[in-house]
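Structure first, then comments.
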Amino acid sequence: MKLLNKLPVLAAVALASLSASAAELTKIRFTLDWRFEGPQSVFVLAKQKGYFAQEGLDVTIDAGAGSSGTIQRLASGAYDMGFGDMNTLIEFSTRAPASQVPQSVYMVYDRAPFAIYTLSKNGIRTPKDLVGKTIAGATFDSARKTWPVLAKAVGIPVDSVKWVSADPALRATLAINGTAQATTGFINSTPEFTTRGVPANEVVRMHYADYGVKLYGNAVLASRSLIEHNPKAVAGMVRAINKALKEAIANPAESVRALKERDGMVNEATEIDRLKEMLPAIVTPATKAHGLGAVDDAQFAEQVDDIVEAFGLSSRPDPKLLYTNSFLPAQKERRLR
């Protein structure tokens, strides 16, 4: 009887303890670069498996609308960390105060996933075959903006193709109906065609990296304010994401299941394909040899030069302003098995 009388008190104490523990977690607002799709499931996996909480972090993950939006959100202070493209960051850094420029703290896409897509019936097999053709792509699309880098790498004039602007949701339609002969995209954009009835074996993909383009792609970015005022939280985020990324690489289906648990409308098969198609941008000779997450000084310096030229930027930012390897876990923790 005495125990029964004490139960409400014990429950209240337990609840208060849990509330206190939750209150002690550092809140982090994290913005994606795009919708919740296969590659973005990595961050959901880290949250659902408790990896953020283990680092003392209470992370809110929101969808994005492109890397430019991610960077603007971080610069404005609306978000603390996010996932965004390094080439877009280079451009942004030339028109913003250094105090507002986010910094890469963990490289995810060791090879930028930019690609050109076409249909086999068009007879286009390499970028050189695009001369005189029309390509559909959004004006903000990183693959479109870095086209000059690809054109230079394969030795064709930058202006040898015609561009037609198209929302990412519509670009595949333009290629299918013949308005354009090709589209921009990421290396995991094949579902844009297959979900519209095009057999996978009729889709031709040209990954920029396969033609000598050496660009880093999306990285985990942190705001200057968070880096300055709570570096411990940044390091914790990086550790948690590194752990989840390694698991997603080993088991894409598990990572997408976490996404499915968050949103029951997710088509698991499609998103598993998206994640698997993105893996060549993540698992590269460099990451196999040296582990995930790091940026090579010399390679990134060359990238800055390429983007300054391709985008016609008025100044060259200091590469060191845009990334740091100082928050990375030990190399043994970042190595792929």
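The values are calculated or read from the model by the stated rules, or taken from the named source; none is laboratory data. Owing to the predicted nature of the structure, the values given are computational and were not obtained by experimental measurement. Note that each Cβ is placed from the backbone with ideal geometry, even for glycine, and that neighbours are counted across all protein chains shown. Side chains are part of the model used for accessible areas, which takes the heavy atoms of the whole protein and leaves out ligands, DNA and RNA. Shrake-Rupley method; radii C 1.70, N 1.55, O 1.52, S 1.80 Å.
Here are some notes:
- Estimated FRET transfer efficiency (residue 284, residue 78; beta-carbon r; R0 30 Å; 0.05): 0.40
- Isotropically averaged projected area of region 41-120, using the convex hull of Cα atoms (one quarter of hull area), nm²: 7.5
- Gain upon complete extension [residue 254, residue 276; 0.36 nm per residue less C-alpha separation]: 6.7 nm
- In terms of packing, defined here as the mean over residues of other Cβ atoms within 10 angstrom, the peptides 263-271, 168-176 line up highest first as 168-176, 263-271.
- The modelled label-to-label distance for the pair residue 170/residue 296, using points 7 Å beyond Cα in the direction of Cβ, is 4.1 nm.
- Spatial separation of Cα centroids for region 248-312 and region 183-246, in angstrom: 4
- Degrees separating the helix 268-282 axis from the principal Cα axis of the chain, which is the longest one: 70
- Taken per residue, the accessible surface of the chain reaches 45 Å², heavy atoms only and a 1.4 Å probe.
- Between residue 201 and residue 139, the modelled labels are 4.1 nm apart [label points 7 Å from Cα along Cα→Cβ].
- Taking the accessible area of the chain, probe 1.4 Å, and keeping the other protein chains in place, the carbon and sulfur fraction comes to 53%.
- Taken over the C-alpha atoms, region 235-291 has Rg and Dmax values of 12.6, 38 angstrom.
- Legend: residue pairs 162/246; 243/320; 214/332; 152/246; 246/320, Cα-Cα distance threshold 32 Å; pairs beyond threshold, 162/246; 152/246.
- Against the criterion of solvent-accessible heavy-atom surface with a 1.4 angstrom probe, 326, 225 sort, most first, into 326, 225.
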